[in-house]
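Structure first, then comments.
Since every read-out is calculated from the coordinates, none of them should be taken as a lab result. Keep in mind the model is a prediction, meaning the values are calculated, not measured. Ideal geometry is used to build each Cβ from the backbone, glycine not excepted, and the neighbour counts take in all protein chains shown.
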Amino acid sequence: MKRFVIVAGTRPEIIKVAPIIRKLIDRKINFKFIYSGQHYDHRLSTQIINDLELPIPDFSLKLKSKTPASQVAEIMTNLADKLGNKDDIVLVQGDTNSVLATSLLAVKLKRKIAHIEAGLRSFDWRMPEEHNRRMVDHISDFLFAPTRNSYQNLLDENVSGKIYISGNTVMDAIKEHLPFSKKKSTILQNVKFSEYVLATFHRAENVDDEKVLNNIIKGIISAKIPTIISLHPRTRKMLKKFSLLKKLENNKNIQILNPQGYLDFLALMKGCQFILTDSGGIQEENTSPLLSKRVLVLRKSSERPEAIDLGVASLIPLKYQKIREAILREWDAKRMKIKTSPYGSGNSAGKILNVLQKHL
Ligand code: UD1
Ligand code: UDP
């Protein structure tokens, strides 16, 4: 029997495929869920899977490799006999190494590929994600662009697969989980400030570069504003390596938290004054009227121009004075209220499956 094979390997992929998995269960459609294990830390993987009440994956890999090339090779080798049959559709989401590896394998195995969140472009060739998304878009059969802008990027590149505009499934995730976050999350009881900035950053071009990471830390510390940092394992490792971790830990305006489950992170976003991040998903999430927080983006470019055009996200130059000034300015600014998101109203999973079911 034909079916969907859904492959996820990192925190944002789990969050964004969750609404699709739930819809498949509702519609009683046959599927297989594979975890490719790029994120092996419990807090970035099983904690999120459990939080979202997803089924236990049919197959889970724990990646041993740490370098991008060996990550891709290890996933390809280990999933070679896991991607179902010739008629199955392999579903991937986003732009991680896991997505690239799965898609390369799928095309070699002659499987049809559905790429969710297709057509995003930062036009910044320093970013591994930009390499991955371009390659995956060109070997996908079904491309689900979240917005008209991402659709246009795909038309401009003349991709060979069929393109559809679907919104972003992260909007479905917020709609589905915010009510549970309100009921179940107790994280705000552990937050030591009544008003705070929420910060999280992990991008390679920021945290692997000592000068840039130092600028970010100096910017946060010198602003002297209460800040909660959800610390990604990559960032923790690099802060230690550059002897910056103690500076943060010893600062009374800063509280460091481990990576949070999705319900707790939603509560932290809901409760904050604004967000300082280099995350992609967080820029999208805050265009939702349900969250609607300003996001200061620690990046030179964004593949989410819709969030910038809406006034939710602003790019902040990676100089410590600029980061400090941006934090201070935003702390005193009026809070915003978004009415509609460019990424849809939370019905993307249904739209995507309506298209794909016709091809099963
Ligand atoms: C990856 C994605 C990025 C995405 C992010 C989501 C790529 C190229 N990058 O970045 O697009 O935004 O996930 O969080 O695919 N580490 C751990 N435990 C883990 C995972 C990572 O300690 O569970 C540490 C390891 O030292 C590892 C480093 O973080 O070498 C980088 O991990 P990796 O998965 O390669 O990239 P991320 O920075 O997590
Ligand atoms: N997130 C989370 N816990 C955290 C930090 C982030 O659940 O401690 C969620 C966040 O709400 C968003 C997703 O993880 O949905 C973003 O993941 P990340 O920033 O790791 O990746 P990116 O979106 O940049 O690829």
- Which of the following residues is within 16 Å of ligand 2 (Cβ to nearest atom), over 17 Å from the mean Cα position of the chain (by Cα), touching a residue at least 40 places away in the same chain (Cβ under 8 Å) and part of a helix (DSSP H, G or I): 216, 220, 228? 216
- Of the residues in the range 35-94, how many are among the small types (Gly, Ala, Ser), more than 13 Å from ligand 2 (Cβ to nearest atom) and either farther than 20 Å from residue 132 by Cα or touching a His at 6+ places or on another chain (Cβ under 9 Å) (or both)? 2
- Message: Against the conditions (1) crowded, with 19+ Cβ neighbours inside 10 Å; (2) more than 9 Å from ligand 1 (Cβ to nearest atom), where does residue 86 fall short? Just the number, please.
- Response: (1)
- Would you confirm whether any residue within the range 123-140 is surrounded by 21 or more Cβ atoms within 10 Å (Cβ to Cβ) and assigned to a loop (DSSP other than H, G, I, E, B)? yes
- Query: So is residue 71 in a helix (DSSP H, G or I) and closer than 28 Å to residue 234 by Cβ or not?
  - Reply: yes
- Failed condition for residue 104, given (1) in contact with a helix residue (DSSP H, G or I) (Cβ under 7 Å, 6 or more places away or on another chain); (2) over 14 Å from residue 9 (Cα atoms); (3) without any contact (Cβ under 8 Å) to a residue 24 or more places away in the chain: (3)
- Task: Determine, yes or no, whether residue 79 is away from ligand 1 (no atom under 15 Å from the Cβ), surrounded by 22 or more Cβ atoms within 10 Å (Cβ to Cβ) and over 16 Å from the mean Cα position of the chain (by Cα).
- Result: yes
- May I ask you to list the residues in the range 43-76 that are within 11 Å of ligand 1 (Cβ to nearest atom), among the aliphatic types (A, V, I, L, M) and closer than 16 Å to residue 18 by Cα? 44, 48
- Item | Odd one out for residue 322, checked against (1) part of a helix (DSSP H, G or I); (2) under 18 Å from the mean Cα position of the chain (by Cα) | (2)
